[in-house]
Amino acid sequence: MKNFIKKNKGKLNIVILLLITILVLYFSLKDDFSTIIKRVMSVNIWYLLLAFLLVIIYWLLRSLALHNFTKKINNKSKYASSLQLMLRTQFFNAVTPFATGGQPYQIYYLTHDMGTTAATSVIIQNFIVYQIALVLLGLVAVTSNHIFNLFERVTLLQHLVSIGFLTNTAIIVVMFIVSFSKKLNKKLVSLGIRILTFFHIVKDREKKLQEWDDYINRFHKNVQVLLERKWDFFKNILYNIVALTCLYAIPLVLLYAMGDFHSYGLFTAVVTSAYVMLIGSFVPIPGASGGLEYGFMSFYGNFIGGASLTAIMLLWRFVTYYFGMLVGALALNMKRVR
């Protein structure tokens, strides 16, 4: 049974995702199916296309940040290759719990060009700038809600958002320690190898220690290369902030697609979307399915309701999640860009 689960883990994730999607659709549509479908089918196509364009801009900007890191290690790296990798990442993030499949695949992909150590350094730094952007926008959202009290009816979820904000901040701290504390890394690796040696998992302790010592030295050397120009690092944070802002603005564009230009504005949409995304970090299901939909309905329910809210949620989920998964699957079947 264990071997079956191990061999078919990816397929099982997709099956779970499909089942959760069916359940979400059922509970979303069961009370007012015809009205919701009419709202979805009557959207303004130009605003809907703008929503897709915002997702594409999100991918382009995140690819640009990734490319800025990769070209420092490999100056022959092309932006098209980084874009293809970012698109493929959308698929692996979509079908794995907590979106954990993206970074390992990115390292695997880049290893062909720069080796495992350099690839790991690049992906960790790229992950750090994304997390910083996520936390900064989360900080703006939490502070704004504290001042303006936007979400009066979702107190419990607000507490979960606060925990999510602190969790993501802690992740940044851990990533910085991994990136910059060579001495601590070596101590932790040494402790791990001692434990594995004690349980006879590692046979030659000294050889393994030397291998990891060389790996850590190369890793930190590559980190220093990546951070030689501090402005580039901050520029990559800025790219991610703009990218996330585009992503967070999509519910506003979808509101306009419904013909509603008054229920909430850009600032409220960005703040609310930041809250929804922080909720998603707690859901251990591929795509955070179920949790994100519930968070969206709860937070945006402070500004709109009824069939319009459900219709916007369904369109938002397709544009920001299923569309990326489909594009990522197509990108996986494309030849690798050199």
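Tabulated results
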| item | result |
| --- | --- |
| Among the residues listed as Thr143, Thr117, Thr111, the single one being more than 25 Å from Ile216 (Cα to Cα) and either touching a strand residue (DSSP E or B) at 6+ places or on another chain (Cβ under 7 Å) or in a helix (DSSP H, G or I) (or both) | Thr143 |
| Residue ID - surrounded by the fewest Cβ atoms within 10 Å (Cβ to Cβ), chosen from residues in the stretch 189-208 that are among the hydrophobic types (A, V, I, L, M, F, W, C) and over 18 Å from Ser121 (Cα atoms) | Phe199 |
| Filter result for Ile195 (more than 29 Å from Gly280 (Cα to Cα), without any contact (Cβ under 8 Å) to a residue 12 or more places away in the chain, part of a loop (DSSP other than H, G, I, E, B) and over 28 Å from the mean Cα position of the chain (by Cα)) | no |
| Yes/no for Val161 being surrounded by 18 or more Cβ atoms within 10 Å (Cβ to Cβ) and modelled with pLDDT under 85 | yes |
| Matching residues, the stretch 245-281, being free of Cβ contacts under 8 Å to residues at least 60 places away in the same chain and either in a loop (DSSP other than H, G, I, E, B) or under 18 Å from Ala307 (Cβ atoms) (or both) | Leu255, Asp260, Phe261, His262, Ser263, Tyr264, Gly265 |
| Candidates Leu83, Leu66, Leu87, Leu136 - the one that is within 18 Å of the chain's Cα centre (by Cα) and surrounded by fewer than 16 Cβ atoms within 10 Å (Cβ to Cβ) | Leu136 |
| Some residue of the stretch 39-54 being surrounded by 12 or more Cβ atoms within 10 Å (Cβ to Cβ), aliphatic (A, V, I, L, M), modelled with pLDDT of 90 or more and closer than 23 Å to Tyr109 by Cβ | no |
| Residue that is over 30 Å from Ala269 (Cβ atoms) and in contact with an Asp or Glu (Cβ under 7 Å, 6 or more places away or on another chain), where the choices are Lys203, Lys186 | Lys186 |
| Conditions (1) under 17 Å from Leu53 (Cα atoms); (2) out of contact with any Lys or Arg (no Cβ under 9 Å at 6 or more places or on another chain); (3) at pLDDT below 95; (4) surrounded by 15 or more Cβ atoms within 10 Å (Cβ to Cβ); number of the one not met by Leu326 | (4) |
| Matching entry among Phe267, Phe219, Phe261 (being under 30 Å from Leu49 (Cβ atoms) and over 22 Å from the mean Cα position of the chain (by Cα)) | Phe261 |
| Restricting the stretch 56-84 to residues that are in contact with a Ser or Thr (Cβ under 6 Å, 6 or more places away or on another chain) and assigned to a helix (DSSP H, G or I), the residue that is nearest to Val122 (Cα to Cα) | Thr70 |
| Checking Thr167 against (1) at pLDDT 80 or above; (2) farther than 30 Å from Leu61 by Cα, the condition it does not meet | (2) |
| Hits in the stretch 168-186 - residues which are surrounded by 13 or more Cβ atoms within 10 Å (Cβ to Cβ) and more than 19 Å from Ile216 (Cα to Cα) | Asn168, Thr169, Ile171, Ile172 |
| Number of the condition not met by Tyr239 [criteria: (1) among the hydroxyl-bearing types (Ser, Thr, Tyr); (2) within 18 Å of Thr120 (Cβ to Cβ); (3) touching a residue at least 40 places away in the same chain (Cβ under 8 Å)] | (2) |
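The values are calculated or read from the model by the stated rules, or taken from the named source; none is laboratory data. On a predicted model such as this, the values are computed, not experimentally measured, just so you know. Counting neighbours? That spans all protein chains shown, and the Cβs are built from the backbone with ideal geometry, glycine included.
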